[in-house]
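Since the structure comes first, as C-alpha cells, the remarks are kept for the end.
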Amino acid sequence: MAIYYDEDAKVFTLQTRHSTYQSGIGKYGYLLHLYYGAKVEGEDMSYLIYKDDRGFSGNPYEAYMEEEQAFLAGVKPDAIRSYSMDTYPQEYSTFGSGDFRSSCLAVRFADGSQTTELRYRSHRIYRGKYALPGLPAMWGDETEWDTLEITLQDPYSGLETVLLYGVLEAYDIITRAACIVNRSTEPVDLERALSMCLEHPDANLDFISFYGRHNMERQLHRCPLRHGKQSVGSVRGTSSHHYNPFIILCEPGANEDYGGCYGMSFVYSGNFLAEIELDQINQTRCVMGIHPEGFCWRLDPEESFTAPEVVLSYSPAGLTALSQNYHQAYRSHLIASRWSRERRPVLINNWEATKFDFNDQKLLAIAREAKDLGIEMLVMDDGWFGNRDYDRRGLGDWFVNEKKFSNGLTALIDSVNELGMKFGIWVEPEMVNEDSELFRKHPDWCLGAPWRKGVYSRGQRVLDLSRTEVRDYLFDAIGAVLDSGNIEYVKWDMNRSLTDVWSAKLTPERQGEAGHRYVLGLYELMERFKQKYPDILFESCSGGGGRFDAGMLYYMPQIWCSDNTDAIDRIRIQYGTSFGYPINAVGAHVSVVPNQQTGRVTPLAARGAVAMAGTFGYELDITQMTDAEKQCVKEQVADFKRYYEVIQYGRYYRLTDPEERKDIAAWSFVSEDQARALIFVVVLHAQANAPALRFKAKGLQPDRIYSVSGLNLQVSGAALMHGGLVLPKKKGDYISFTFEVEAT
Ligand code: GLA
C-alpha cells in the first residue's frame, strides 16, 4: 500500500518510488498541504508550516472564539491569530472565506452569496484506481494503484467536495481529481471548479510551459516566477496549439539530469487554466483545471460535478527522468487501446501529395509504389465525401463522393487490401459546412445562438456535440462508412477553435455548461467508436497538434503532432512535445521538399531521421520520386521496422537543447535492458572549417562495452556518456546521422 493515514497526527502520506506527498487535517478541520518532493519516510511534515500573525490575514471563526478565551485567560493570542487561510497551504482552495490567492472552487449559492469553506468529514483508502465517469483518466489494477478519497464539506451550505488521489508508485505518478456534490435543497452555481491545488513553500522555482501556434506547437518557455499570478490556458474550446495543458515547475538549476521538477498534466481536451501564484510571503501555489472564463455549472440538489484529472509527477533528478515517468505511465496506464502495445503500421497519407484532388486511381498508384517499399497502410485524407472538393464544402456529409471512386469505396479498399496493404480514412466529425446536406437539414445543430451569424473559421462551423441526436447521427453516418469495408485506421480531425458557444438544448442559466458538455459529448462519441471498433487504430488531429493532450491520448494512441512537416521545425516541435508525451504518441511523417509549410529543402535522410522520433510514415506523392529516392525510402522503412521496439518502448533522451546548440540537434532511444541504443543527429548549420561537432550519449551502462555503427568504435558506456561522440566530417545542409549502439 502506497497510502498511509496517521490517526494521531491526522496526516495522509502518499509514497511513490522517488517521491512523497503529504497532507494533514489541521485545526478546525481544514485540509492543509504539507509536502510534495523527494522521498521522506516516516515523518510528519506539518512542522514546515510557518506560523505568524500577519496583518490583513483573517482567521476562521473558531480561531476568533479561541482567541477570546485565551484573552480572558491572559494568554498571548499570536499563535491563534496565525491560523489563516490567507497564508496556510491548502489542498483545495476556496473563494470567499479568507484565502485571497488563486482558488479552485468558487460557488454562487441560491441567495447570491459566494463564500465556501471546506472542512474534513471522512476519508477512504483502497487498492486500485478510482474512475471518473464520462471522463478520460489513468487506469490500472489493484496491484499497481492505490486510491485516497477525502471528503470535505462546507458546514454551512452542506456543499461537499471529494478529493481523489491515485498513486502509481512504480512510475512516480500521483493523480488528482475532485467531485463536487450539492447536498443542499437549492440549486448552486459552480463558477470555478478546478481539479487541484498544489502548494510549494517557497518561491525559488522556474515555470516551464509550452506555447505555440498552428504549424509551430509546443515551444518550450522557461522563466523564474514573479510575484502575482502567471498562467497559461485556453478558451478556444480545445486544449489548443497555443498553450499545452502540461507544465513543469522546477528548481532554477534543474536541467535534464539534475534538480527537482514537478510535472502537471491535465487529462482534458477543452478549455484549461494552469495558474501559478507567488504570494505575499513567497509561497507558490499552482491550480489547474477547466478554465473558469465562460464556465458556470449549475448543480441541482444531490447533483455532482467531476473536475477532470491532473497527473502529477515529481522527479528529484532532472527533466529527463520526469519525461520518462510520463512516457512510461502514459504508454502503460493512460492510452486505452490495444495499439498502445502492438506494432503499428508504417503509413502513407495522401494529404500533402494530392490535397482534395484525388480519385481511386491516384490513390491506388500511390499504394502500389508504397507497397513495394515496405509501407503497410494507405491513409485517404480529406476530400473523399459529400461535395468536398474545397474546404468550404461537404463537412457533415459522411457518405462517399461517387465521382472520385469509379467502383465505390469498398472496391478501392479491397484493391488496397489485395496489394497487401491496410486502408485508413480521414474524418472531421465535429464540424459542418453550410454547403452540406447536413446543414441544410439541421441548421440548428451548430453551436451558437440563432440570432447571430457567428464566427466562421476555415469556412466551417462547429456541431453541438453536447446533443445526443447530433452524436447519434455522427456515430451512425461514420459507422456506416467504417462498416462498408475493411477500414483499419481513422484520422479524427478538428480544424477550428470554438466560438459562439451556446447550445439550443440548454436553459439560459445552464449555458455556461455548454463548453464542457461539448467535450463530454466528444468523449462519449469517441468511447462509442472505441467500443464498437476496438481494432481500429485512431489518430487524433486538430490542424496538426491543436488538441495534443492526455485526454485525447486516452481514446487515441497517437496524435498528428503538427501540420508543419518541415524536418528542422519538427525537431523543435517534437523536442517540446517530448517533455510530457511519449514518442509513440507523436504522429510524424516524411514529406516532400521544398517543404510545403516553410519552403526549406532538407535531405530525405534527415526527414526520415526526424519522422522516426514518432509513429513514422510518409506524406508525399511517392509516384513522383526518383529510383534513388525510392531506394532510400525502402531502406528507411526497413530500418524503422528494425528499430521499432527501441524507439516506441525504449527510454527517450534529449541529448541537445535547441536553445543552447544551434549547430546540431541530437536525441536517442535506449532499450530498457540498456543493451541497445539508437542515436540520431541532424546538423543544423553547415560551417566551413568547422569546429569538431561533439555530444554525449545518455542512459547506457557505464561499464559495458558498446559498438557504434558508422564510427568503427568499441568503447564503454562511460566513454560514450562522459567523453562523448565526435561526428565525422561531412559537407552539406542538414546532414544527418543514425548511430546504432549495441552492447558487445
Ligand atoms: C488538417 C490536418 C491535415 C489534413 C487537413 C485536411 O489541417 O491537420 O493533416 O488532414 O486538415 O483538411
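The values are calculated or read from the model by the stated rules, or taken from the named source; none is laboratory data. Note that the coordinates shown come from a computational prediction; the quantities given were computed from them, not determined experimentally. Because the Cβ atoms are built from the backbone with ideal geometry, glycine has one as well, and the counts that use them run over all protein chains shown. Side chains are part of the model used for accessible areas, which takes the heavy atoms of the whole protein and leaves out ligands, DNA and RNA. Shrake-Rupley method; radii C 1.70, N 1.55, O 1.52, S 1.80 Å.
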Most packed first (mean Cβ within 10 Å per residue), the peptides 490-499, 369-378 order as 490-499, 369-378
Using a 1.4 Å probe on the protein heavy atoms, what percent of the accessible area of the range 30-161 belongs to carbon and sulfur? 53
For the ranges 713-721, 246-254, what's the packing order if you count other beta-carbon atoms within 10 Å of each residue, average per peptide, and put the highest first? 246-254, 713-721
With respect to the cross-link table entries Lys371/Lys641; Lys441/Lys532; Lys403/Lys532; Lys362/Lys403, which display a Cα-Cα separation exceeding 23 Å? Lys441/Lys532; Lys403/Lys532
Report the relative contact order of the range 338-649, percent, no decimals, based on alpha-carbon pairs under 8 angstrom and at least 6 residues apart. 18
Out of residues 5 or more away from Ser716 or on other chains, whose amide H comes under 5 Å of its own, with H placed 1.01 Å from N in the peptide plane? Tyr706
Separation in nanometres of the label points that stand 7 Å from Cα toward Cβ, at Asn689 and Asn359: 6.1
Expressed in whole Å with the largest first, what are the equivalent ellipsoid semi-axes of the range 139-192 derived from the C-alpha gyration tensor as the square root of 5 times each eigenvalue? 30, 10, 8
Of Lys39/Lys698; Lys27/Lys76; Lys422/Lys698; Lys10/Lys229, which pairs sit farther than 28 Å apart, going by alpha carbon to alpha carbon? Lys422/Lys698; Lys10/Lys229
In terms of modelled amide H atoms, which long-range or inter-chain residues lie less than 5 Å from the amide H of Asp435? Gly394
Carbon and sulfur atoms: what percent of the 1.4 Å accessible area of the range 555-651 do they account for? 50
In deg cm²/dmol, rounded to the nearest 500, the helical mean residue ellipticity at 222 nm of the chain, built from -39500 (n - 2.57) for every DSSP H run of length 4 or more, is -6000 deg cm²/dmol
Solvent-accessible area, 1.4 Å probe, carbon plus sulfur percent, for the range 664-743: 50
Over the chain, what relative contact order in percent results from Cα pairs under 8 Å that are six or more residues apart? 10
Could you give the nm distance between label points at Lys641 and Ala131, where each point is 7 Å from its Cα heading toward the beta carbon? 3.8
Quick check for you: which residues of the range 570-595 have the amide N under 19 Å from the point 7 Å beyond the Cα of Asp657 toward its beta carbon? 571-581
Gap separating the Cα centres of the range 586-620 and the range 643-667, nearest whole Å: 16
Under the Karplus relation with 6.51, -1.76 and 1.60 and θ = phi - 60°, whole-Hz ³J(HN,Hα) for the range 627-632, x at Gly and Pro, equal 4, 5, 5, 5, 4, 5
Write out the trypsin sites (Lys or Arg not before Pro) in the range 196-296 meeting two conditions: DSSP loop, and at most 15 other Cβ atoms within 10 Å of their Cβ. Arg226
For the range 667-678, what does the Karplus curve 6.51 cos²θ - 1.76 cosθ + 1.60, with θ = phi - 60°, yield as ³J(HN,Hα) per residue in whole Hz, taken in order and with x for Gly and Pro? 8, 8, 10, 10, 5, 3, 7, 6, 8, 9, 9, 10
What whole-number distance in Å separates the alpha-carbon centres of the range 291-358 and the range 237-262? 16
Shape verdict for the chain, please, from the Cα gyration tensor: rounded (a/c under 1.5), prolate (a/b greater than b/c) or oblate. oblate
I need the phi-derived Karplus couplings for the range 59-66: 6.51 cos²θ - 1.76 cosθ + 1.60, θ = phi - 60°, integer Hz, Gly and Pro marked x. 10, x, 4, 4, 5, 4, 5, 4
Out of the range 117-170, which GluC sites (Glu not before Pro) are coil in DSSP terms and have no more than 12 other C-beta atoms within 10 Å? Glu142
Given a Förster distance of 35 Å, report the FRET efficiency between Ser484 and Lys630 from their Cβ-Cβ distance, rounded to the nearest 0.05. 0.65
Here the relative contact order (percent) of the range 664-743, from C-alpha pairs under 8 Å and at least 6 apart, is 39
Tell me the chymotrypsin sites (Phe, Trp or Tyr not before Pro) within the range 1-109 that lie in a loop according to DSSP and have at most 15 other beta-carbon atoms within 10 Å. Tyr50, Phe56
Any idea how far the Cα center of the range 402-451 sits from the one of the range 62-123, in Å? 56
So, with points 7 Å from each Cα along the Cβ direction, the Ser113-Asn712 label distance in nm works out to 8.4
Averaged per residue, the 1.4 Å probe accessible area of the chain, protein heavy atoms only, in Å², is roughly 37
How tilted is helix 468-483 with respect to the longest principal axis of the chain? Cα atoms for both, answer in degrees (0 to 90, nearest 10). 30
